[in-house]
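J.: Just passing along the structure, written as structure tokens.
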Amino acid sequence: MRLITLAGALLAATPLLADDLPSWRDTEAKARIIEFVETVTDSGHADFVPADERIAVFDNDGTLWAEQPVYFQLLFALDRFGQMAEADPSLADTAALKAAAARDMEALMAGGESALLEVINATHTGLTVDAYQEAVATWLKKARHPDTGLPYDQMTYQPMVELLRYLRDEGFTTYIVSGGGLHFMRVFTDKAYGIPGNQVLGSYGETEYRTGENGPEIVKTTGMAFLDDKAGKPANIERVVGQRPILAAGNSDGDFAMLEWTTAGNGPRLGMIVHHTDAEREYAYDRDSHIGQLNDGLDKGPEMGWLIVDMAKDWERIYTGRK
């Protein structure tokens, strides 16, 4: 009995070795991430980085959650416009809006960025930011992905959620820097990733301050104020965060400038590309994809020292909502 009691006491007193990234397979990708984090957090190492300089930035669509068959914010807008057009068919008065009302994705995507912006304007304009975010929250509770049947906020990538938590546990501050809508993402990022709204950088439309029956309000108006994509990403990081990150992760050429700027800084740096290679558990796409196109990251990333994460090879699990 004494031996058993002593053994139990020793086990209780000795912390078990924990795997901070259990959904990452034991491949080179996981080893590189851990080596980088351990290096920059070791106060005795020549490459130690103080906590206030440990800034990590992440794209959202295709990096932290799925983005196929189209961006989830667009699916929200389509659902919303469908309801609007059902109540008032005269709203579908252009080719883009007719395609949206019919949920004809092929026709809508053929219209390019201007067609997508037309749908966004039709569904967002005139709403207060509060009302818009309430509509997004309601949609997230009810809507389901057309392929997986999962709620959209359960299609976050479990390995990346673990990585965000691991980094914060090691003194990093994590930011989202995405081409997605700022007000859309702020509805779910805290719950989904542990990233509060004031650490979310994204695209945003024009807004206007108004006072009326409900008091002072911020109202969404027509037009794009800032597109947080490509060269806009590092520019926005510098403007809002005020310092160059030491870690950046993305999945498409829209993230190339952010990773390039991050890894060009002095001292230890890590650039990471999530490569969608798993057609069985998620989707396989890169160079010729209609969204999330990846050419420069594959061609130039390795020679720049970036880590290319192979989703099929490096991840034991994909979605948080599915084990």
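The values are calculated or read from the model by the stated rules, or taken from the named source; none is laboratory data. What you are looking at is a predicted structure, and each value in this text was computed from that prediction instead of being measured. Don't worry about glycine lacking a Cβ; one is built from the backbone with ideal geometry, like all the others, and counts go over all protein chains shown. Accessible surface areas use protein heavy atoms only, side chains included; no ligands, DNA or RNA. Shrake-Rupley method; radii C 1.70, N 1.55, O 1.52, S 1.80 Å.
J.: Among the residues of the range 65-85, is any of a type in the set (D, E, K, R), free of Cβ contacts under 8 Å to residues at least 40 places away in the same chain and open to solvent by 50 Å² or more (accessible area, probe 1.4 Å)?
T.: No, because not a single residue in the range 65-85 is of a type in the set (D, E, K, R), free of Cβ contacts under 8 Å to residues at least 40 places away in the same chain and open to solvent by 50 Å² or more (accessible area, probe 1.4 Å).
J.: Quick one: what pairs do we get from the range 99-121, first residue within 14 Å of Gly223 (Cβ to Cβ), second part of a loop (DSSP other than H, G, I, E, B), C-beta under 8 Å, 6+ apart or different chains?
T.: Note: pairs meeting the criteria are Glu118/Thr94; Glu118/Gly111.
J.: Please determine, by comparing only the residues of the range 64-100 that are part of a helix (DSSP H, G or I) and of a type in the set (D, E, K, R), which one is nearest to Ala143 (Cα to Cα).
T.: Per the stated criteria, the residue is Asp79.
Rundown of residues vs (1) farther than 20 Å from Ala31 by Cα; (2) out of contact with any helix residue (DSSP H, G or I) (no Cβ under 6 Å at 6 or more places or on another chain), yes/no style:
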| site | (1), (2) |
| --- | --- |
| Thr207 | yes, yes |
| Gly215 | yes, yes |
| Lys233 | yes, no |
| Asn266 | yes, yes |
| Val274 | no, yes |
| Glu282 | yes, yes |
| Asp314 | no, no |
| Tyr319 | yes, yes |
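J.: Also, I was wondering about something else. Considering each residue of the range 51-63, count those that are outside any helix (DSSP H, G or I) and either of a type outside the set (S, T, N, Q) or surrounded by fewer than 18 Cβ atoms within 10 Å (Cβ to Cβ) (or both), and give that number.
T.: Number of matching residues: 8.
J.: Restricting the search to the range 64-87, which residues are over 18 Å from Ala107 (Cβ atoms) and within 15 Å of the chain's Cα centre (by Cα)?
T.: Leu64, Trp65, Ala66, Glu67, Gln68, Phe72, Gln73 - these are the residues of the range 64-87 that are over 18 Å from Ala107 (Cβ atoms) and within 15 Å of the chain's Cα centre (by Cα).
J.: May I ask you to say which residue of Ala102, Ala96 is touching an Asp or Glu at 6+ places or on another chain (Cβ under 8 Å) and under 25 Å from Ser289 (Cβ atoms)?
T.: Among Ala102, Ala96, only Ala96 is touching an Asp or Glu at 6+ places or on another chain (Cβ under 8 Å) and under 25 Å from Ser289 (Cβ atoms).
J.: For Ile176, work out the one condition from (1) surrounded by fewer than 22 Cβ atoms within 10 Å (Cβ to Cβ); (2) outside any helix (DSSP H, G or I) it doesn't fulfil.
T.: Every condition holds for Ile176 apart from (1).
J.: Looking at the range 180-187, can you tell me whether even one residue there is in contact with a strand residue (DSSP E or B) (Cβ under 7 Å, 6 or more places away or on another chain) and in a strand (DSSP E or B)?
T.: Checking the range 180-187: at least one residue is in contact with a strand residue (DSSP E or B) (Cβ under 7 Å, 6 or more places away or on another chain) and in a strand (DSSP E or B).
J.: Separate question: For residues in the range 211-220 being out of contact with any Lys or Arg (no Cβ under 9 Å at 6 or more places or on another chain) and surrounded by fewer than 16 Cβ atoms within 10 Å (Cβ to Cβ), which is modelled with the lowest pLDDT?
T.: Gly212
J.: Filter the range 232-256 down to residues that are free of Cβ contacts under 8 Å to residues at least 12 places away in the same chain and either touching an Asp or Glu at 6+ places or on another chain (Cβ under 7 Å) or buried (at least 24 other Cβ atoms within 10 Å of the Cβ) (or both), then give me how many there are.
T.: Residues that pass the stated criteria total 0.
J.: Right, next: For Thr263, only one of the following conditions fails: (1) open to solvent by 10 Å² or more (accessible area, probe 1.4 Å); (2) within 18 Å of the chain's Cα centre (by Cα); (3) polar (S, T, N, Q). What is its number?
T.: (2)
J.: Of everything in the range 203-216, what is without any contact (Cβ under 8 Å) to a residue 40 or more places away in the chain and part of a strand (DSSP E or B)? Give them in sequence order.
T.: Hits for the range 203-216 are Ser203, Tyr204, Glu206, Glu208, Tyr209, Arg210, Thr211, Gly212, Gly215, Pro216.
J.: Also, quick follow-up: Do we have Phe48 as assigned to a helix (DSSP H, G or I), among the aromatic types (Phe, Trp, Tyr), open to solvent by 10 Å² or more (accessible area, probe 1.4 Å) and modelled with pLDDT of 95 or more here?
T.: For Phe48, the condition - assigned to a helix (DSSP H, G or I), among the aromatic types (Phe, Trp, Tyr), open to solvent by 10 Å² or more (accessible area, probe 1.4 Å) and modelled with pLDDT of 95 or more - is not met.
J.: Which members of the range 268-323 meet the condition of being acidic (Asp, Glu) and open to solvent by less than 70 Å² (accessible area, probe 1.4 Å)?
T.: Asp278, Glu282, Asp286, Asp296, Asp310, Asp314
J.: Of (1) out of contact with any helix residue (DSSP H, G or I) (no Cβ under 6 Å at 6 or more places or on another chain); (2) assigned to a helix (DSSP H, G or I); (3) modelled with pLDDT under 95, Ala137 satisfies all except one. Which?
T.: All conditions pass for Ala137, except number (3).
J.: A further question follows. Looking at Tyr204, Tyr193, Tyr166, which one is of a type in the set (Ser, Thr, Tyr) and surrounded by 20 or more Cβ atoms within 10 Å (Cβ to Cβ)?
T.: Answer to the check: Tyr193.
J.: Give me a count of the residues in the range 92-116 that are in contact with a helix residue (DSSP H, G or I) (Cβ under 9 Å, 6 or more places away or on another chain) and closer than 15 Å to Gln73 by Cβ.
T.: Of the residues in that region, 6 qualify.
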